[in-house]
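The values are calculated or read from the model by the stated rules, or taken from the named source; none is laboratory data. As the structure is a prediction and not an experimental result, all values here were calculated from the model. Positions of Cβ are generated from backbone atoms using ideal geometry, with glycine treated the same way; all protein chains shown enter the neighbour counts.
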């Protein structure tokens, strides 16, 4: 099974929920599932199984998780598949569920159990015929590329005033700002928050410059631990973070100084910690999802390195994933951002041109996080990578991120 989490933002770019997208089979390897076989196991909700296995807190720190259910799985024992709080689970249906009595009764039953309901991809031509279903919904997600959101808002506010609207498939920050200004939407979904910067700011904030200097120091081949420790000592927040992490690793050791803490980590681990911590600090003026995206990409890429025959370059792969949104972090095109941050030519080619072995991993990850399962499956076939390998790599990155956040 493949799984990815796609954020839904509020108007302040704070994550309100995640949509859990899953793919049970690789149709390139198992074409029979494109026919009647696609219903095999359809009585189970893949997203709920995953939530039960990993725990809702590992999957999402947001208040709600949207989980897709089909016209067969809707009749399964949903409560028995996952013990997550019902009010945090939003059951997401699509237009395959018809507005007939047995489905309406089941949806009503699920609402009485405390679940919230949502519908997406409902064609405008089906709005009237789906009135009985819409009355039961808590949310409707509307494709902003196919439907005039302003007209939809007027329509739904008049007929279903308690229904919360979400705009999906938002492709630019300008489109987000326009929808936000128009009002009426409580959720926003799309790639707009992680698009590359085409034209950036002319200056980088002084504090960010200090962090960039520290990054450049530790990313040299044989950097001076003492010099790095002294720079960290000048930033109280970084010093506290370092001591917290080292104290967690060394229960019986008494840390006497920042230099001592740095020495305990050694060059390799200190380099990784500084890069990770500083990305978080550099993102302090960005939506928190930008930080999360950078860190998850780094760990996911590192976990995938053996499958891409790059196990010996796991550190470079991690750094490539970490810096893959450097343009967003620094408000500059990637070419300009990499003039400030020193990286290897291999990482540079991956980040700017998506070339080379590292570029292949980055392309795979960006396809994966958008739930472009057809392209993901194609690349898995070409690289002879199993679904379990990819699933384990992604699940491990989620657990790692959860643990990393809990330390701070």
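Things to note:
- Selection of first residues in region 365-387 that are over 17 Å from residue 305 (Cα atoms) and of second residues that are assigned to a helix (DSSP H, G or I), restricted to Cβ pairs under 6 Å at least 6 apart or on distinct chains, gives the following pairs, ordered by first then second residue: 375/367.
- Here region 169-192 is the region considered, the condition is being buried (at least 21 other Cβ atoms within 10 Å of the Cβ) and under 17 Å from the mean Cα position of the chain (by Cα), and the residue that is farthest from residue 327 (Cα to Cα) is 187.
- Just one of the listed residues (7, 85) is closer than 24 Å to residue 142 by Cα and at pLDDT 90 or above, namely 7.
- From 216, 252, 210, 157, residue being in the same structural domain as residue 340 (by TED's automatic domain parsing), modelled with pLDDT of 85 or more and farther than 25 Å from residue 369 by Cα: 216
- Among (1) surrounded by fewer than 21 Cβ atoms within 10 Å (Cβ to Cβ); (2) within 29 Å of residue 379 (Cα to Cα); (3) touching a residue at least 12 places away in the same chain (Cβ under 8 Å), the one test that residue 312 misses: (3)
- Any hit, region 133-154, residues being within 17 Å of residue 70 (Cβ to Cβ), modelled with pLDDT of 95 or more, out of contact with any helix residue (DSSP H, G or I) (no Cβ under 9 Å at 6 or more places or on another chain) and not in a helix (DSSP H, G or I): yes
- Per-region count, region 79-89, residues in a loop (DSSP other than H, G, I, E, B) and surrounded by fewer than 16 Cβ atoms within 10 Å (Cβ to Cβ): 2
- Within region 283-298, the set of residues being surrounded by fewer than 24 Cβ atoms within 10 Å (Cβ to Cβ) and part of a helix (DSSP H, G or I) comprises 288, 289, 290, 291, 292, 293, 295, 296.
- When region 90-109 is filtered for residues that are assigned to a helix (DSSP H, G or I), in contact (Cβ under 8 Å) with a residue 12 or more places away in the chain and either over 31 Å from the mean Cα position of the chain (by Cα) or surrounded by fewer than 20 Cβ atoms within 10 Å (Cβ to Cβ) (or both), the ones remaining, listed by number, are 103, 104, 106, 108.
Here is a yes/no grid of residues against (1) in a loop (DSSP other than H, G, I, E, B); (2) at pLDDT below 90:
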{"residue": "17", "(1), (2)": "no, no"}
{"residue": "22", "(1), (2)": "no, yes"}
{"residue": "25", "(1), (2)": "yes, yes"}
{"residue": "42", "(1), (2)": "yes, yes"}
{"residue": "51", "(1), (2)": "no, yes"}
{"residue": "57", "(1), (2)": "no, yes"}
{"residue": "61", "(1), (2)": "yes, yes"}
{"residue": "66", "(1), (2)": "no, no"}
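- Complete set of residues in region 27-38 that are at pLDDT below 55 and surrounded by 13 or more Cβ atoms within 10 Å (Cβ to Cβ): 33, 37, 38
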